[in-house]
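Asker: What follows is a structure written as structure tokens; I'll ask about it next.
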Amino acid sequence: MDFAVLIDSKDLQSGRLLHDSMIRVDNIYTLNKSIVVKKIGTLKESVFIKVKENLQGLL
């Protein structure tokens, strides 16, 4: 998948993922804070930069 960034727990600054996951920048959603049950974690800056680069490539 061209517009996906694979992540696992080592890619998080805080928190933990139970499974390897994928951030798909070609499939973005807006969520109202009232439906978010809990925060899973925070991405490391280097991973966030990869996500932004993939998003820019999509535009």
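Rule-based calculations on the coordinates, nothing more; no lab input. All figures in this text were calculated on a predicted structure; none of them were measured in a lab. Positions of Cβ are generated from backbone atoms using ideal geometry, with glycine treated the same way; all protein chains shown enter the neighbour counts.
Asker: Just to be sure before I move on: is I7 surrounded by 12 or more Cβ atoms within 10 Å (Cβ to Cβ), among the β-branched types (V, I, T) and more than 10 Å from the chain's Cα centre (by Cα) in the structure I sent?
Answerer: Spelling it out, it is not the case that I7 is surrounded by 12 or more Cβ atoms within 10 Å (Cβ to Cβ), among the β-branched types (V, I, T) and more than 10 Å from the chain's Cα centre (by Cα).
Asker: Another question about this same structure. Taking the condition touching a strand residue (DSSP E or B) at 6+ places or on another chain (Cβ under 8 Å) and either hydrophobic (A, V, I, L, M, F, W, C) or surrounded by 10 or more Cβ atoms within 10 Å (Cβ to Cβ) (or both), does L18 pass?
Answerer: Against the criterion (touching a strand residue (DSSP E or B) at 6+ places or on another chain (Cβ under 8 Å) and either hydrophobic (A, V, I, L, M, F, W, C) or surrounded by 10 or more Cβ atoms within 10 Å (Cβ to Cβ) (or both)), L18 does not qualify.
Asker: Next question. Could you list, in sequence order, all residues of segment 26-53 that are farther than 20 Å from K10 by Cα and either hydroxyl-bearing (S, T, Y) or surrounded by 15 or more Cβ atoms within 10 Å (Cβ to Cβ) (or both)?
Answerer: Matches in segment 26-53: Y29, T30, S34.
Asker: Inside segment 12-58, can you point out the residues that are of a type in the set (G, A, S) and in a helix (DSSP H, G or I)?
Answerer: Those that are of a type in the set (G, A, S) and in a helix (DSSP H, G or I): S34, S46, G57.
Asker: If you don't mind, another one. Output the qualifying pairs, or none if there are none: Cβ atoms under 7 angstrom, residues six or more apart or on different chains, first residue in segment 25-39 and on the phi < 0 side of the Ramachandran plot, second residue of a type in the set (F, W, Y) and surrounded by 10 or more Cβ atoms within 10 Å (Cβ to Cβ).
Answerer: So the pair list comes out as V25/F3; D26/F3.
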